[in-house]
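Below is one structure; the comments refer to it alone.
The values are calculated or read from the model by the stated rules, or taken from the named source; none is laboratory data. Note that the structure is predicted; figures quoted are calculated from it, not measured. A quick note on method: Cβ atoms are made from the backbone with ideal geometry, for glycine too, and the neighbour counts reach across all protein chains shown. SASA here: full protein model, heavy atoms, side chains in, ligands and nucleic acids out. Shrake-Rupley method; radii C 1.70, N 1.55, O 1.52, S 1.80 Å.
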Amino acid sequence: MRAYNFCAGPAALPTAVLEKAQRELLDWQGKGVSIMEMSHRSSDYVAVSAKAEADLRKLMNIPENYKVLFLQGGASLQFSAIPLNLLGKNNKADYIHTGIWSEKALKEAQRYGDIHTVEAATQIDGKFAIKPEQEWNLSADAAYVHYAENETIGGIQFKDIPNVQAPLVSDLSSSILSAPLDVSKFGLIYAGAQKNIGPAGLTIVIVREDLLDQAKPEIPSILKYSAQAKNDSMVNTPATYAWYLAGLVFEWLLEQGGVDAIHKINLAKAELLYGYIDASDFYNNPIAVPNRSLMNVPFTLANADLEKLFLKEAEEHHLLNLAGHRSVGGMRASIYNAVPLEGVQALVDFMDGFVKRHG
Ligand SMILES: *Cc1c(COP(=O)(O)O)cnc(C)c1O
C-alpha cells in the first residue's frame, strides 16, 4: 500500500502521476523507448517540454512578458544565479531574513554584492511572526528585494505579497502552485521542484524579460537567464525525466481544477491540522496565526521524551516522515498538493489516539 508521506522534500507525488509514468516507462507513447532515453532535441521531447511550460503558464496565469526556465542545481544554485544575473550596476540588493532558507540565500548573495539584510523575524505573544513591511527599512537603490515566501523549516509564511519599489524576487520552493499568486507582482520567482512540482533535479525560474540583460560578464553561461531563455532552457542537457514528470504533475493539477481548486483543498487540510493542534493541550505550533504556513506545519509534543515513540507509531500507521528538520527538532507535517485531505485526517486521528494512549 502507499503510505501518507509528509516529507518536506523530496515530497509526495500524486499516485495517478506515478502510475502514468510507470505505464509509459518502457515504451513512451509507442516509440519503443523510455522518455529518459530520448534526445532532448528530438521533436517528441521538445513537444513534451513545451507542453509542460504551456501548462505551467496556464496554471499560474503567467504573463507573456515572463520567461519560464527549467533549470538544474536546485533552489540553492539560484541563491548564486540571482545576484549574478540581477545585481546590475548598483551591485546592491535587499534580503528579507525570516528563517533558514532566506538566510542561506543572503549568505550566498553576499559573495557577489552589497547585500542589505532586513531582519524581519519577530515574536508576538511568544509566537514567531513576520514584521510588517512598514518596519523593513529598505534601501532606496536596491536592484531587487529577495524573500522566501514560505520558510519550509520554520513553517512561517508571508500573508501578503510585499509591496516594494524594486523588483521582487521570491523563493517559492515549498509554496509554488499551492495557492493563487499574481505573478505580475514579481520580477523573478524560483522554486526547486521536489516539494510541489515533481522529482528533485529540476528548478523552475519565472523571470520578467526586462531583467534579463544585466548579468555580470563572468557569469557561467548555464546560469545566465538570457542564454537559457534564448535556448529554451537547453544550453546543455536539461533534467529531461524530471521535466517530463513535472509536466505530468501540471496535467494532474489541471485535471483537479487548477490552482484555485487545489488551494481550497489545501485550506481544508491546514484548517483541520492547525485546528486540531490548537484545540489540544498536548501539541503546539510555534507560529503566529497570520504567518502560519499552508504547506509546512511544525509542531511539538508536550513531552519531548515521547518524540521517538510518536515517530515509530506514526510509521506503523503508514504516516511517514514527520520528524522536524534536524536543525530545529520537534515534528513537522508537510502537506503539499499531493497529500490528500484523507491523509491529513489520518494524521489527526493518529495524533488524537496517541494522546489518549500516552498523553
Ligand atoms: C528546499 C528548499 C530550498 C533548497 O532547495 P534545493 O533544491 O535543495 O537547493 C530552498 N528554499 C526553500 C524555501 C526550500 O524549501
Just to be sure I understand the filter: pairs with C-beta atoms under 7 Å, separated by 6 or more residues or on different chains, first member in segment 126-139 and over 24 Å from residue 93 (Cβ atoms) and open to solvent by 60 Å² or more (accessible area, probe 1.4 Å), second member part of a strand (DSSP E or B) and of a type outside the set (Gly, Ala, Ser). Which pairs pass?
128/156; 128/287
Quick one: which residue in 124, 153 is more than 20 Å from residue 188 (Cβ to Cβ), within 16 Å of the ligand (Cβ to nearest atom) and of a type outside the set (D, E, K, R)?
153
Please work out which residue is farthest from the ligand (Cβ to nearest atom), limiting yourself to segment 98-107 and to residues that are surrounded by fewer than 19 Cβ atoms within 10 Å (Cβ to Cβ) and free of Cβ contacts under 8 Å to residues at least 60 places away in the same chain.
107
Candidates 253, 294, 248 - the one that is open to solvent by less than 40 Å² (accessible area, probe 1.4 Å), within 19 Å of residue 198 (Cα to Cα) and not in a helix (DSSP H, G or I):
294
It is to be established whether one or more residues within segment 171-188 are within 12 Å of the ligand (Cβ to nearest atom) and of a type in the set (Asp, Glu).
yes
On the given criteria, is residue 49 of a type in the set (Ser, Thr, Tyr), in contact (Cβ under 8 Å) with a residue 60 or more places away in the chain and more than 16 Å from the ligand (Cβ to nearest atom)?
yes
Return a yes/no flag: does segment 156-165 have any residue that is without any contact (Cβ under 8 Å) to a residue 24 or more places away in the chain and either open to solvent by 20 Å² or more (accessible area, probe 1.4 Å) or assigned to a loop (DSSP other than H, G, I, E, B) (or both).
yes
Among the residues of segment 194-209, is there at least one that is under 30 Å from residue 41 (Cβ atoms), more than 22 Å from the chain's Cα centre (by Cα) and open to solvent by 10 Å² or more (accessible area, probe 1.4 Å)?
yes
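Rundown of residues vs (1) open to solvent by 60 Å² or more (accessible area, probe 1.4 Å); (2) within 30 Å of residue 323 (Cβ to Cβ), yes/no style:
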| position | (1), (2) |
| --- | --- |
| 21 | no, yes |
| 31 | yes, no |
| 38 | no, no |
| 78 | no, yes |
| 81 | no, no |
| 92 | no, no |
| 113 | no, no |
Which condition number does residue 57 fail, the rest of (1) touching a residue at least 24 places away in the same chain (Cβ under 8 Å); (2) surrounded by 13 or more Cβ atoms within 10 Å (Cβ to Cβ) being met?
(1)
